[in-house]
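The values are calculated or read from the model by the stated rules, or taken from the named source; none is laboratory data. Being a predicted model, the structure only gives us computed values, none of them experimental. Don't worry about glycine lacking a Cβ; one is built from the backbone with ideal geometry, like all the others, and counts go over all protein chains shown.
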Ligand SMILES: Nc1ncnc2c1ncn2[C@@H]1O[C@H](COP(=O)(O)OP(=O)(O)O)[C@@H](O)[C@H]1O
Ligand SMILES: [Mg+2]
């Protein structure tokens, strides 16, 4: 029999209330994030229309702003859909034994241009051959973490992508570390970074095309793999993101 009217019920009600509050906050946040680029698109489209009606030509700069904001909206909606698919479990995992050299190089290849533009050096160290996980999702984790390291570190920084097999208090696991020598993050923000839309510098994140969802996606991908992600940082010295994949082998 359940514990009717006992402390368990009070806990359940408190948890439901908290979930409801989070849902309301999430809807408000999403609406706000969508409104900013949409307001800009609407404003520039109206100006363009007026200019053309009054016989002035269309300013290509205005069209560029409209395009940039449309791309932002699309990135935001794609990330939101992706996050909800991962979180709800609607998107099934297709785990396989992954070659860590191969998957790392594949992810880094897509970031090569970003790295070159920032004169960043990306190093890799692979000390264990494989991980049993979903390839698409592992690539997404590497991409989101390395993309951040490139974006939020100054020109000429170094990013290290390191895979190891280690034993911790919970047993043997494969660890992915993305280590940068950038500005670092104050201790009090380290946990909050994984919340949806949390950014240290909103303007900078938006300017560089960020949606504020990259690290929440990493967190949920790791949870789906029964793993975890944490961050360690020293102000002025750099940040390390640590992903833990419990050791699994193909059935
Ligand atoms: N390597 C890093 N160094 C410093 N700050 C970082 C780093 N990675 C992430 N951040 C901070 O965490 C925030 C959230 O990251 P993320 O969820 O990927 O969103 P986005 O990159 O779209 O802003 C970033 O806006 C940035 O402030
Ligand atoms: Mg990001």
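For residue 170, work out the one condition from (1) within 9 Å of ligand 1 (Cβ to nearest atom); (2) surrounded by fewer than 19 Cβ atoms within 10 Å (Cβ to Cβ); (3) at pLDDT below 95 it doesn't fulfil.
So the condition that residue 170 fails would be (1).
In the stretch 201-233, which residues are assigned to a strand (DSSP E or B) and within 14 Å of ligand 2 (Cβ to nearest atom)? Before you say what the answer is, go through the steps one by one.
The first filter runs over the stretch 201-233 and keeps only residues assigned to a strand (DSSP E or B), leaving 228-233.
Scanning the stretch 201-233 gives 229, 231.
Kindly indicate which of 105, 50 is without any contact (Cβ under 8 Å) to a residue 60 or more places away in the chain, assigned by TED's automatic domain parsing to the domain that holds residue 126 and either over 23 Å from residue 219 (Cβ atoms) or more than 23 Å from the chain's Cα centre (by Cα) (or both). Working first, answer last.
Working: 50 fails: assigned by TED's automatic domain parsing to the domain that holds residue 126.
Of 105, 50, the one residue that is without any contact (Cβ under 8 Å) to a residue 60 or more places away in the chain, assigned by TED's automatic domain parsing to the domain that holds residue 126 and either over 23 Å from residue 219 (Cβ atoms) or more than 23 Å from the chain's Cα centre (by Cα) (or both) is 105.
Working only within the stretch 178-191, note down all residues that are in contact (Cβ under 8 Å) with a residue 60 or more places away in the chain and over 15 Å from the mean Cα position of the chain (by Cα).
Taking the stretch 178-191 as the starting set, the residues that turn out to be in contact (Cβ under 8 Å) with a residue 60 or more places away in the chain are 178-180.
Selection gives 179, 180.
From the residues in the stretch 201-217 that are near ligand 1 (Cβ under 6 Å from one of its atoms) and modelled with pLDDT under 90, which one is nearest to residue 69 (Cα to Cα)?
Top of the filtered list is 210.
Quick one: in the stretch 127-149, which of the residues that are free of Cβ contacts under 8 Å to residues at least 40 places away in the same chain and crowded, with 21+ Cβ neighbours inside 10 Å is nearest to ligand 1 (Cβ to nearest atom)?
Only one residue tops the list, namely 146.
Considering only residues that are in contact with a strand residue (DSSP E or B) (Cβ under 8 Å, 6 or more places away or on another chain) and on the phi > 0 side of the Ramachandran plot, which ones fall in the stretch 225-251?
First, the residues of the stretch 225-251 that are in contact with a strand residue (DSSP E or B) (Cβ under 8 Å, 6 or more places away or on another chain): 225-233, 238-250.
The answer is 226, 238.
Could you tell me which residue of the stretch 185-200 is farthest from ligand 1 (Cβ to nearest atom), considering only residues that are in contact with a helix residue (DSSP H, G or I) (Cβ under 8 Å, 6 or more places away or on another chain) and assigned to a helix (DSSP H, G or I)? So that I can check it myself, show each step before the final result.
Quick first cut of the stretch 185-200, residues in contact with a helix residue (DSSP H, G or I) (Cβ under 8 Å, 6 or more places away or on another chain) only: 185, 193-200.
Restricting the remaining residues to those that are assigned to a helix (DSSP H, G or I) gives 193-194.
Numbers: 193: 4, 194: 8 Å.
Here the answer is 194.
Determine whether residue 16 is within 20 Å of the chain's Cα centre (by Cα), part of a helix (DSSP H, G or I) and under 26 Å from residue 198 (Cα atoms).
Numbers: within 20 Å of the chain's Cα centre (by Cα): no; part of a helix (DSSP H, G or I): yes; under 26 Å from residue 198 (Cα atoms): yes.
It is false that residue 16 is within 20 Å of the chain's Cα centre (by Cα), part of a helix (DSSP H, G or I) and under 26 Å from residue 198 (Cα atoms).
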